[in-house]
Amino acid sequence: MGILGTLIIGLLVGIIARLLKPGPSGLGLIMTIILGLAGSVAATYGGQALGVYQAGQPAGFIGAVVGAIVLLFIVEALNKR
């Protein structure tokens, strides 16, 4: 898929992750999308490196959404301090 494809999917995943994560975030839309994109990229390449799934499999998209949600939770927890 390449980096450009991963970034485009990451943008979509960032939006989906924000919709799925409950409660107010205190983050703006742009920051939420950027964090979603970063979580998506980390989960996509991390899952492939660990051999959990291959490029292009639907599990990669699910892993990207989960990674983005986890990153959103971490940043919100750090912002509350």
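Largest first and in whole Å, the equivalent-ellipsoid semi-axes of the range 2-79 read 22, 12, 10, each the square root of five times a Cα gyration tensor eigenvalue.
Couplings 3J(HN,Hα) for the range 15-23, derived from phi with the Karplus relation 6.51 cos²θ - 1.76 cosθ + 1.60 (θ = phi - 60°), are 5, 5, 4, 5, 5, 7, 7, x, x Hz, where x marks Gly and Pro. The residues neighbouring Leu72, those whose beta-carbon lies less than 10 Å from its own, together hold a net charge of +1 under the Lys/Arg +1, Asp/Glu -1 convention. Computed from Cα positions, the angle between helix 29-50 and the longest principal axis of the chain comes to roughly 40 degrees.
Over the chain, DSSP H runs of length four or greater, each weighted -39,500 (n - 2.57), average out per residue to a 222 nm ellipticity of -27000 deg cm²/dmol.
Bear in mind these aren't lab numbers, they're just calculated from the coordinates by the rules spelled out. Since we're looking at a predicted model, the values are computed, not measured. All Cβ positions, even for glycine, are placed from backbone atoms using ideal geometry, and neighbour counts span all protein chains on display.
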